[in-house]
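Input: a single structure, listed below in structure tokens.
Laboratory data are not the source of any read-out in this text; all were calculated from the coordinates shown. If you're wondering where the values come from, they're calculated on a predicted model, not measured in any experiment. Here Cβ is always computed from backbone atoms with ideal geometry, including for glycine, and neighbour counts include all displayed protein chains.
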Amino acid sequence: MTYIVALTGGIGSGKTTVSDCFKKIGVNVIDTDIIAKNIIEKNVKISLIIAQKIGKKILNYNNSINRSLLRKHIFENKNDRLWLENLLHPKIYQESQNQIKLLKSAWCLWVVPLLIEKKLEKKPDRILLVDTTINRQIQRIIKRDKINIQEARRMISIQASRKTRISISDDIIFNKNNIKKISQCVEYLNHFYSYLSKKHNYNQIINTKKNYLTKFF
């Protein structure tokens with residue numbers, strides 16, 4: 001059975017940077033954001049339901065859903081955000097589990113931004129957090145989404161707090177925008193998780209979460 005490490009972190013923390021580093025060294029990465037993107041773009045029934053619920057303001061000229069406009073809308077409208085999460089997340093979770101079941105590797109990285117919000121923290125074998133300061137999050141969100149500081153702060157405020165994410169995590173990479181250090185952390189963690197997966201599969205350890213804790217700053 002594949003050992004599952006969930007990668008999580010707040011918006012703008014650098015999850016993609018870290019997951020890309022794992023991909024580069026050959027680790028299998030199951031990304032729920034990519035799964036969500038594929039569902040919205042390729043599942044015609046789902047895209048029609050979303051368009052009918054939220055309206056034409058989130059559509060491109062060819063009537064496909066503009067994910068940037070959709071993201072902006074749901075961050076500003078709590079009821080629509082909860083409705084969309086209830087529509088998509090069961091499908092996202094099921095597809096991610098289907099992909100994991102097909103893997104032959106000793107371990108995989110399961111990227112789940114809403115791990116805490118969707119109460120999935122007990123599903124993986126281990127949790128890796130990408131952490132950074134709120135100021136860095138704000139800077140990245142403003143640059144990425146081209147929004148103002150008030151909108152960026154609102155996006156952060158509706159997610160689980162930084163303190164809560166740290167409290168449920170087994171391993172933490174503190175992202176200071178140093179790609180060399182992140183790559184070094186990733187190399188170490190790959191060996192570490194490979195070791196844990198072997199122990200796990202041979203039933204030689206119990207409750208891994210309490211036996212190890214790593215932090216990288």
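Only residues that are surrounded by 18 or more Cβ atoms within 10 Å (Cβ to Cβ) and not in a helix (DSSP H, G or I) were counted in region 30-52, giving 2.
Residue count for region 83-122 satisfying the condition of being in contact with a strand residue (DSSP E or B) (Cβ under 9 Å, 6 or more places away or on another chain) and closer than 20 Å to residue 162 by Cα: 9.
Matching residues to (1) within 20 Å of residue 190 (Cβ to Cβ); (2) not polar (S, T, N, Q):
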position: 1; (1), (2): yes, yes
position: 8; (1), (2): yes, no
position: 26; (1), (2): yes, yes
position: 29; (1), (2): yes, yes
position: 33; (1), (2): no, yes
position: 58; (1), (2): no, yes
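Only one of the listed residues (141, 158, 179) is of a type outside the set (S, T, N, Q), crowded, with 17+ Cβ neighbours inside 10 Å and either out of contact with any strand residue (DSSP E or B) (no Cβ under 6 Å at 6 or more places or on another chain) or under 13 Å from residue 15 (Cα atoms) (or both). That residue is 141. Taken over region 101-125, the criterion of being of a type outside the set (A, V, I, L, M, F, W, C) and under 17 Å from the mean Cα position of the chain (by Cα) is satisfied by 113, 117, 118, 119, 121, 122, 123, 124, 125.
Would you check if there is a residue in region 82-100 being without any contact (Cβ under 8 Å) to a residue 24 or more places away in the chain and over 19 Å from the mean Cα position of the chain (by Cα)? Checking region 82-100: not a single residue is without any contact (Cβ under 8 Å) to a residue 24 or more places away in the chain and over 19 Å from the mean Cα position of the chain (by Cα). Kindly establish whether residue 7 is free of Cβ contacts under 8 Å to residues at least 12 places away in the same chain, out of contact with any Cys (no Cβ under 9 Å at 6 or more places or on another chain) and among the hydrophobic types (A, V, I, L, M, F, W, C). Considered against the rule, which asks whether it is free of Cβ contacts under 8 Å to residues at least 12 places away in the same chain, out of contact with any Cys (no Cβ under 9 Å at 6 or more places or on another chain) and among the hydrophobic types (A, V, I, L, M, F, W, C), residue 7 comes out as no.
For region 53-76, a residue qualifies if it is part of a helix (DSSP H, G or I) and of a type in the set (Phe, Trp, Tyr), and exactly one does: 75. If you take the residues in region 9-29 that are small (Gly, Ala, Ser) and not in a helix (DSSP H, G or I), which one is nearest to residue 127 (Cα to Cα)? Looking at residues that are small (Gly, Ala, Ser) and not in a helix (DSSP H, G or I), I get 9. Just a yes or no: is a residue in region 41-51 acidic (Asp, Glu) and within 28 Å of residue 162 (Cβ to Cβ)? Looking for residues that are acidic (Asp, Glu) and within 28 Å of residue 162 (Cβ to Cβ), one finds none in region 41-51, hence no.
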